[in-house]
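What follows is one structure encoded as structure tokens, with my remarks underneath.
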Amino acid sequence: MAAPAVKTDNATPNFLAACRRQPVSHTPVWVMRQAGRYLPEYRKVREKVGFTGLTRSPELAAEVTLQPIRRFALDASIIFSDIMVPIEGMGVDLEYAPGPVIGTPIRTLKQVEELRPLIPEEGVPFVMEAIKLTRAGLPAHVPLIGFCGSPFTLFSYLVAGKPSKEFSVPRAFAQAEPEISAKLMDKLADAMIVYLKAQAGAGAQALMLFESWGGLLGPTDYARVALPHVKKIIDGLKDVGVPIIYFANQCGGSLSSIAALNADVIGLDWRTSLGGARKILGPHKAVQGNLDPAHLFSSPENLRLRVDEVLADAGPGPGHIFNLGHGIWPETDPDSVARLVDYVHARTAR
Ligand code: CP3
């Protein structure tokens, strides 16, 4: 008997079904950075506590994680934290202004060797506490995503010492000091494996790796410099049993090497066609994305047209999770997010 084309039970949340390319009752949708400054209720919490304090308070982190879930019919939740949080757990001093700023940027082998291996329960216990509290507050049909930064993206911040458009310092460093660079990224990969395992152990039902700066590398450098460390993490999570999402921001030129990763879902930005990516990634990967965050500023009518374009590009097959192509902008009108979520559901109901 052929598998039913329409999902008939509510046992598996649509988000998790889509990660595994199974049939869904509607295309699941969530928004990168869905907890954040575009929400007045988030800004209200931030009036009382700094960003670091927020990430370190399980109660407040759970509260802001749940804020967008209360407001919108989202199909997934992502734990409120930051890719740099586990780095603090490795002994690196950093602050957010608002992007991460490192006290002493890493530029020597000695500094790499001095990085403490991450023991999540000791270095960042509050993340696992926040996951437990959030899971307890979420409805059953809304899975919770845990996440980390990919080694090359973390490396970029650690070596640059501050956010940057071009990241010329870490890019030059990767060329001038390939061995120190690889050693740093390998150490970060080991830390992210235990970190993601701890998040899954605390209740995260999917795990996402953010390769926010992978697009700085050309395809051969990406394959040589960044990819081996991502592969190590994903292969290291093989036995965890939850879907793995790899957000390959601006990595459209590297999709043929990304296709070899054991990730379940590849997240794409709006510069890459979902349909084109699917052809390269093959039938065993789902895709996530990829509305340009700027489209949340268009009229309701035009927003619907832009959503239709993304859905048409993704195609009718299973394995599409609707999202933005990158984080939502702080200036976005929350009502536009509500219209987006409701329209994706209405348009894709099966
Ligand atoms: O809702 C969610 O998506 C969860 C929360 C989340 C944050 N950071 C909160 C945050 C997630 C998933 C991240 C990941 C993150 N952090 C990435 C990968 C995603 C991406 O955007 O590519 C990166 C590159 C970072 C590093 C980072 N942290 C930057 C560049 C910034 C400044 C960005 C900005 O919006 O100004 C941060 C700080 C940060 N992380 C904020 C938030 C809500 C802003 C802090 C504030 O409230 O003042």
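The values are calculated or read from the model by the stated rules, or taken from the named source; none is laboratory data. Computed from a predicted model, the values in this text were never measured in an experiment. Cβ atoms come from the backbone with ideal geometry, glycine included; neighbour counts cover every protein chain shown.
Report whether or not L255 is closer than 22 Å to P143 by Cα, out of contact with any Asp or Glu (no Cβ under 9 Å at 6 or more places or on another chain) and crowded, with 19+ Cβ neighbours inside 10 Å. Give the steps one after another, and end with the answer.
Working: closer than 22 Å to P143 by Cα: no; out of contact with any Asp or Glu (no Cβ under 9 Å at 6 or more places or on another chain): yes; crowded, with 19+ Cβ neighbours inside 10 Å: yes.
It is false that L255 is closer than 22 Å to P143 by Cα, out of contact with any Asp or Glu (no Cβ under 9 Å at 6 or more places or on another chain) and crowded, with 19+ Cβ neighbours inside 10 Å.
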* Asked: What about A277, is it part of a loop (DSSP other than H, G, I, E, B) and at pLDDT 95 or above?
  -> no
* How many residues are surrounded by fewer than 22 Cβ atoms within 10 Å (Cβ to Cβ) and over 17 Å from the mean Cα position of the chain (by Cα) when one looks only at the range 198-218? -> 2
* Evaluate the range 287-306: report whether one residue or more is surrounded by fewer than 14 Cβ atoms within 10 Å (Cβ to Cβ), not in a helix (DSSP H, G or I) and not hydroxyl-bearing (S, T, Y). => no
* Structure fact -> How many residues of the range 86-109 are under 20 Å from the mean Cα position of the chain (by Cα), surrounded by fewer than 21 Cβ atoms within 10 Å (Cβ to Cβ) and either within 11 Å of the ligand (Cβ to nearest atom) or among the β-branched types (V, I, T) (or both)? The answer is 3
* All positions within the range 48-78 that are within 12 Å of the ligand (Cβ to nearest atom), without any contact (Cβ under 8 Å) to a residue 60 or more places away in the chain and either over 23 Å from V337 (Cβ atoms) or in a loop (DSSP other than H, G, I, E, B) (or both) -> V49, G50, T52, G53
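Take the residues in the range 238-275 that are among the polar types (S, T, N, Q) and touching a Pro at 6+ places or on another chain (Cβ under 9 Å), then tell me which one is farthest from the ligand (Cβ to nearest atom). I'd like the intermediate steps shown before the answer.
First, the residues of the range 238-275 that are among the polar types (S, T, N, Q): 249-250, 254, 256-257, 262, 272-273.
Filter again for touching a Pro at 6+ places or on another chain (Cβ under 9 Å), leaving 254, 256-257.
On the way: S254: 16, S256: 23, S257: 20 Å.
In this case the residue turns out to be S256.
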* Scan A346, A338 and give me the residue that is modelled with pLDDT of 95 or more, surrounded by fewer than 16 Cβ atoms within 10 Å (Cβ to Cβ) and over 19 Å from A18 (Cβ atoms). => A338
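Just to check your reading of the model, which residue among L196, L158, L188 is in contact with a Gly (Cβ under 7 Å, 6 or more places away or on another chain) and in a helix (DSSP H, G or I)?
From the options L196, L158, L188, the qualifying one is L196.
Taking only the range 21-30 into account, find how many residues are assigned to a loop (DSSP other than H, G, I, E, B) and either within 16 Å of the ligand (Cβ to nearest atom) or modelled with pLDDT under 95 (or both). Talk me through it step by step, then tell me what you get.
Step one: filter the range 21-30 for residues assigned to a loop (DSSP other than H, G, I, E, B), giving 21-28, 30.
Okay, now just the ones that are also either within 16 Å of the ligand (Cβ to nearest atom) or modelled with pLDDT under 95 (or both), so 28, 30.
Result for the range 21-30: 2.
Scan the strands (runs of 3 or more DSSP E) fully inside the range 204-268 and keep the ones with 3 or more residues being touching a residue at least 24 places away in the same chain (Cβ under 8 Å) and not hydroxyl-bearing (S, T, Y).
Where strands (runs of 3 or more DSSP E) fall fully within the range 204-268 and carry at least 3 residues being touching a residue at least 24 places away in the same chain (Cβ under 8 Å) and not hydroxyl-bearing (S, T, Y), they are 206-211, 244-248.
So which of G103, G89 ends up being modelled with pLDDT under 95 and farther than 24 Å from H345 by Cα?
On the way: G89 fails: modelled with pLDDT under 95.
Answer to the selection: G103.
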* Asked: Does at least one position in the range 110-128 carry a residue that is basic (K, R), within 19 Å of G161 (Cα to Cα) and free of Cβ contacts under 8 Å to residues at least 24 places away in the same chain?
  -> yes
* How many residues does the range 98-109 contain that are touching a residue at least 12 places away in the same chain (Cβ under 8 Å) and of a type in the set (G, A, S)? -> 1
* Quick one: which residue in S156, S181, S81 is within 21 Å of V230 (Cβ to Cβ), in contact (Cβ under 8 Å) with a residue 40 or more places away in the chain and more than 16 Å from the ligand (Cβ to nearest atom)? => S181
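Got a sec? Which of R37, R43, R33 is assigned to a loop (DSSP other than H, G, I, E, B), within 14 Å of the ligand (Cβ to nearest atom) and touching a Lys or Arg at 6+ places or on another chain (Cβ under 7 Å)? Even if it seems obvious, please write down each step before you answer.
On the way: R43 fails: assigned to a loop (DSSP other than H, G, I, E, B); R33 fails: touching a Lys or Arg at 6+ places or on another chain (Cβ under 7 Å).
The conditions single out R37.
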